[in-house]
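The values are calculated or read from the model by the stated rules, or taken from the named source; none is laboratory data. Fair warning: this is a prediction, and the values are worked out from it, not measured in the lab. Note that each Cβ is placed from the backbone with ideal geometry, even for glycine, and that neighbours are counted across all protein chains shown.
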Amino acid sequence: MNDPGQNQPDPWPLALAEYRAGNAQAAIAALQQLIRAEPGRAVHHFHLGNLYWEADRFADADACFRKAFELDPAIADLPLESGLEAAHSGLLEEAHSLLQLALAFRPEHSRTLAALGDVERRLGRLPEAIGLLARAAQLEPGNPETQLDLGIALCQAGRLDEARNALESSCRIAPSDARAWNNLATVLKQQGRLDDALHYFDEAVRLAPEFAEARFNRATVLLQAGDFSRGWSEYECRPQSPPVRPLAAHLRAAGSLDGCTVLLRAEQGLGDLIQFVRYAAWLADRGARVLVECPASAVDVIASARGVAAAVPFGSHPDFDFDANLLSLPGMIHPSEGALTCEVPYLIPDRGSIDAWAARITTNSPLRVGVAWAGNPAHPNDRWRSLPPLEFLPIVQRPAVAAYSLQFNPQTADLAMLPNLEVLPLPANLVDSAAVIMHLDLVISIDSMPAHLAGALGKPVWLLLAHVPDWRWMLGRDDTPWYPTMRLFRQNAPGEWSGVIQRVLAALDEFRAAIGRS
């Protein structure tokens, strides 16, 4: 950068320190004095613009930036490069501010637009991200990175056809980039085109055999299609901490488990913990003493699981002979559909807790139904699996039905839409949730923890599923080998919940008649 006096000490750190100490006017005055002394130094105008920017004096900041850019166009690279570095380090708010500043210098600079768009996406602001990335792609349509980032943002926003177009462009421009094929396959999977998705995941892995994300994504397609032998093997590519004394190696060597202590570590969500703790019984039947390390809120319920000797909270560091991550067990034991099934209940809730809730779940209604309409909003697929609470209103208002919320910490706005719903003060542990479910006739839930808990307790549970659900629910069936008391209600088209609810209402009337209550 051409900058007279560039070897002189930079006054910016001192001025910024003054500003952040609350002496804004002193900092601004110092830089104004420097500009009067050296009006040709672009960096002084740039720094003064920075202070005005932080003070929300945007018109003054814009004038300073324009002057700095006039003196030295390369000055625009300072906030851009700093913003890219901050984004790479995960400092997204700082990156956002710097990249906005860079964009003020060059509003039609494609690299800056794309970088800011990607930061907006990572901050969860998808409409802003898509707008910026689309502008960048217009300015530089042959840039595969921009097309890739645009496709990812559109996919996250549920605009799947547009996402596919952008990602196909990225694949055409850079056919050796495994990331583009992986993301294109992800879009096709969400559209229900599993064969095409598998083909492109295969291509991503061919290009980058060690690309763990693509191999994990391929595993979910294989499992969803019922190819358990290949699917469980690839599923080992999921993000996980490696075992210390691997149980898998011991089983491959046909080692005995008699008298051994096996530590199983929970991973992913509470639903996964409940679903996969069933395999503790297989280990216990072969002589193992099984410990499960899990979140503290789940310890008491998981300790009741068939085959579990004890459950301990994370960080307990118990002694053990062999260890495994919980979701590795089905692949170790027998990778087929037959290995999924088990007798229910395999969780036995605390009798005292059940009795304690008896007085709080009293109703004259013939049917007691627990409902859960939303999962963890941080879940990557939550926008597909959760329902607007208003969709549950016909269930809650159904004659002869007493509906109880199984949501943990439900939102006040959600409850306002469901006026007939009984809200129980459920604490943040699974013991009370399990006790409440034992008093219910039926649970109706989206794909979240209450559904797994009801299934493991052997209670009737109806699961409401997106058009292309999580891999474990497979496709084209209304039952599941995971839970014999579970019935699946699937969307006929993406986002179409009204038809699901109508089928649930009809089934609800049949269910009430079947149990002989009116």
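How many residues does region 320-364 contain that are of a type in the set (D, E), surrounded by fewer than 13 Cβ atoms within 10 Å (Cβ to Cβ), farther than 17 Å from A284 by Cα and out of contact with any Phe, Trp or Tyr (no Cβ under 7 Å at 6 or more places or on another chain)?
1
Got a sec? Which of L421, L415, L367, L390 is farther than 30 Å from A249 by Cβ, buried (at least 17 other Cβ atoms within 10 Å of the Cβ) and free of Cβ contacts under 8 Å to residues at least 60 places away in the same chain?
On the way: L415 fails: buried (at least 17 other Cβ atoms within 10 Å of the Cβ); L367 fails: free of Cβ contacts under 8 Å to residues at least 60 places away in the same chain; L390 fails: buried (at least 17 other Cβ atoms within 10 Å of the Cβ).
Only one candidate qualifies: L421.
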Original post:
Would a scan of region 444-457 turn up a residue that is at pLDDT 95 or above, surrounded by 18 or more Cβ atoms within 10 Å (Cβ to Cβ) and either assigned to a loop (DSSP other than H, G, I, E, B) or among the hydroxyl-bearing types (S, T, Y) (or both)?
Top reply: yes
Original post:
What pairs come up if the first residue lies in region 48-75 and is farther than 17 Å from A27 by Cα, the second is of a type in the set (A, V, I, L, M) and not in a helix (DSSP H, G or I), and their beta carbons are under 6 Å apart, counting only those six or more places apart or on different chains?
Top reply: D72/M1; A74/M1
Original post:
Since V312 meets every condition but one in (1) modelled with pLDDT of 95 or more; (2) surrounded by fewer than 21 Cβ atoms within 10 Å (Cβ to Cβ); (3) closer than 18 Å to G455 by Cα, which condition does it not meet?
Top reply: (3)
Original post:
When only residues in region 284-302 that are surrounded by 23 or more Cβ atoms within 10 Å (Cβ to Cβ) and β-branched (V, I, T) count, which is farthest from D319 (Cα to Cα)?
Top reply: V301
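Please report, ordered by residue number, the helices (runs of 4 or more DSSP H) entirely within region 207-286 with at least 2 residues that are in contact (Cβ under 8 Å) with a residue 24 or more places away in the chain and in contact with a Pro (Cβ under 7 Å, 6 or more places away or on another chain).
On the way: elements: 212-224, 228-235, 247-252, 270-276, 280-285.
Correct list: 228-235.
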Original post:
Within region 105-119, can you find the residues that are farther than 9 Å from T146 by Cβ, surrounded by fewer than 22 Cβ atoms within 10 Å (Cβ to Cβ) and hydroxyl-bearing (S, T, Y)?
Top reply: none
Original post:
Is it fair to say R503 is assigned to a helix (DSSP H, G or I), surrounded by fewer than 18 Cβ atoms within 10 Å (Cβ to Cβ) and of a type outside the set (D, E)?
Top reply: yes
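Which of the residues that make up region 248-266 are under 21 Å from V299 (Cβ atoms) and among the hydrophobic types (A, V, I, L, M, F, W, C)? Explain how you work it out, then say what you get.
If we filter region 248-266 for residues that are under 21 Å from V299 (Cβ atoms), which is where we start, we get 261-266.
Correct list: V262, L263, L264, A266.
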Original post:
Within region 288-306, which residues are small (G, A, S) and either more than 19 Å from C342 (Cβ to Cβ) or assigned to a helix (DSSP H, G or I) (or both)?
Top reply: A296, S297, A298, A303
**OP:** Can you work out which of the residues in region 471-498 that are over 25 Å from Y346 (Cβ atoms) and in contact with a Phe, Trp or Tyr (Cβ under 9 Å, 6 or more places away or on another chain) is surrounded by the most Cβ atoms within 10 Å (Cβ to Cβ)?
**Re:** R490
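Taking the condition within 16 Å of V443 (Cα to Cα) and outside the structural domain of H439 (by TED's automatic domain parsing), does P345 pass?
Criteria met by P345.
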**OP:** Looking only at region 475-493, decide whether some residue is without any contact (Cβ under 8 Å) to a residue 24 or more places away in the chain, under 25 Å from A400 (Cβ atoms) and either basic (K, R) or in the same structural domain as I395 (by TED's automatic domain parsing) (or both).
**Re:** yes
Original post:
Hey, does region 28-44 have a residue that's surrounded by 13 or more Cβ atoms within 10 Å (Cβ to Cβ) and touching a Phe, Trp or Tyr at 6+ places or on another chain (Cβ under 7 Å)?
Top reply: no
Original post:
Out of all the residues in region 393-412, which are small (G, A, S) and in contact (Cβ under 8 Å) with a residue 40 or more places away in the chain?
Top reply: A400
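Is there a residue in region 267-275 that is of a type in the set (S, T, N, Q) and over 27 Å from S433 (Cβ atoms)? Can you show your working first?
Of the residues in region 267-275, the ones of a type in the set (S, T, N, Q) are 268, 275.
Next, only the ones that are over 27 Å from S433 (Cβ atoms) stay: none.
No, because not a single residue in region 267-275 is of a type in the set (S, T, N, Q) and over 27 Å from S433 (Cβ atoms).
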**OP:** Would you point out the residue of region 427-443, among those that are assigned to a loop (DSSP other than H, G, I, E, B) and more than 25 Å from the chain's Cα centre (by Cα), that is nearest to E510 (Cα to Cα)?
**Re:** D441
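Only one of these is at pLDDT below 90, of a type outside the set (S, T, Y) and surrounded by fewer than 17 Cβ atoms within 10 Å (Cβ to Cβ): E93, E54. Name it. First the steps, then the outcome.
Values: E93 fails: at pLDDT below 90.
After applying the criteria, what remains is E54.
Just to be sure, is A296 closer than 21 Å to P345 by Cα and among the small types (G, A, S)? Give the steps one after another, and end with the answer.
Values: closer than 21 Å to P345 by Cα: no; among the small types (G, A, S): yes.
Spelling it out, it is not the case that A296 is closer than 21 Å to P345 by Cα and among the small types (G, A, S).
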Subject >> S256 modelled with pLDDT under 95 and either of a type in the set (S, T, Y) or under 26 Å from the mean Cα position of the chain (by Cα) (or both) >> reply: yes
